[in-house]
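These notes are about the structure you will find just below.
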Amino acid sequence: MDWIGLLAGILAAAIWGGMYVVTKVVLEVVPPFTLLTLRLFLGMVTLWPFVVRKGGIDFTQAQWAQVLGVGFCGYGVSLGFQFVGTKLSTAANGSLVTSATPAFVLIFAALLLKERITLRRLLALSLATAGVVVVLDPRQARLSPDLFWGNISLVGAALTWALYSVLVRKVTRGLPVLAVSLVCFLGGLPLTVPASAWELAVTGLGHITPGVVAGILYVGIISTGLAMYLWNLAFARLEAGVASLAFFAQPVVGASLGTWLLGEKLTPPFLLGGVMIAAGLFLAAGSQD
């Protein structure tokens with residue numbers, strides 16, 4: 001078992017677990033695709049010195065096209081869906097809907113990478129998913145008509161992020177993870193930059209405060225530059241069906257932050273759900289070839 005890969009995936013998901021609240025606040029001031037564009041630029045700036053230190057980017061023309069296409073799927077389409085969904089829906093809905101991502105990863109990995117869907121992995125996925133449901137409590141979700149498009153966007157985000165994650169494993173079989181991560185950020189910009197220009201022309205920006213700037217920097221440097229690299233590293237080192245289960249660390253971290261920052265109490269269901277998620281991760285770890 002590659003424990004470095006598993007730890008990288010868990011750390012990435014843990015960082016994203018604390019991102020929903022920050023993103024929700026910043027989106028009140030900065031439109032979704034404008035924030036996403038800033039996020040990608042900051043991610044590129046964060047990784048660039050490390051890529052240069054490793055010798056730069058030595059891709060063939062075909063490899064550039066392939067990695068840019070993967071980035072367009074993940075950082076253009078998927079994160080676009082996520083930001084729009086976060087703005088038009090609720091944080092609880094976002095956590096619940098996107099927790100379906102590992103199930104989609106298992107399917108895409110079988111189709112594109114020929115990874116086996118074993119009974120052990122299905123049990124691990126079922127156990128961890130049940131743990132997420134216990135932690136998040138689906139009664140908090142809202143399915144009212146006014147949130148329809150937001151919820152649809154969140155489903156699109158889960159599907160396309162699963163596809164992106166599997167494609168990352170495919171392209172990093174022959175290319176360095178760090179360089180792939182940076183070029184993927186670049187691949188998202190052809191969609192996000194025009195969308196951002198339209199947003200700014202139509203709605204403009206809200207009042208920019210130091211707190212908003214800090215939120216943008218956190219989302220760009222930590223949640224994008226660092227966390228995306230860690231996520232890609234996990235999928236480069238582990239089979240996709242195993243690496244995807246690290247995604248379940250998100251709701252646990254989010255709920256834990258609510259306890260720490262907001263004084264909320266850890267309930268027995270939260271503790272039970274956390275144990276179930278951890279058990280699912282360890283069960284999946286044993287299925288790594």
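The values are calculated or read from the model by the stated rules, or taken from the named source; none is laboratory data. For clarity, every value in this text was computed on a predicted model and none was experimentally measured. Here the Cβ is made from the backbone with ideal geometry for all residues, glycine too, and neighbour counts use every protein chain on show. In case anyone asks, the SASA skips ligands and DNA or RNA and just uses the protein heavy atoms, side chains included. Shrake-Rupley method; radii C 1.70, N 1.55, O 1.52, S 1.80 Å.
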query: For Leu159, what accessible area in Å² do you get when you roll a 1.4 Å probe over the heavy atoms of the protein chains, rounding to the nearest 10?
result: 70 Å²
- prompt: With each label point set 7 Å from Cα along the Cα-Cβ vector, what nm distance links Leu226 and Ala62?
  reply: 3.8 nm
statement: The percentage of the accessible area of segment 37-90 (probe 1.4 Å, all protein chains present) made up of carbon and sulfur atoms, to the nearest whole number, is 67 percent
statement: Expressed in angstrom and rounded, the centroid-to-centroid distance over alpha carbons for segment 1-76 and segment 155-212 is 7 Å
query: At Arg116 and Val21, where each label point lies 7 Å from the Cα along Cα→Cβ, what is the point-to-point distance in nanometres?
result: 4.3 nm
- prompt: Of Thr172, Thr203, which has the most accessible area and how do the rest follow, probe 1.4 Å?
  reply: Thr203, Thr172
- prompt: Using mean Cβ contacts within 10 Å as the protection proxy, how do 71-78, 229-236 order, highest first?
  reply: 229-236, 71-78
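In cubic angstrom, how much convex hull volume per residue do the alpha carbon atoms of segment 146-199 span?
Per-residue hull volume (Cα only) is 82 Å³.
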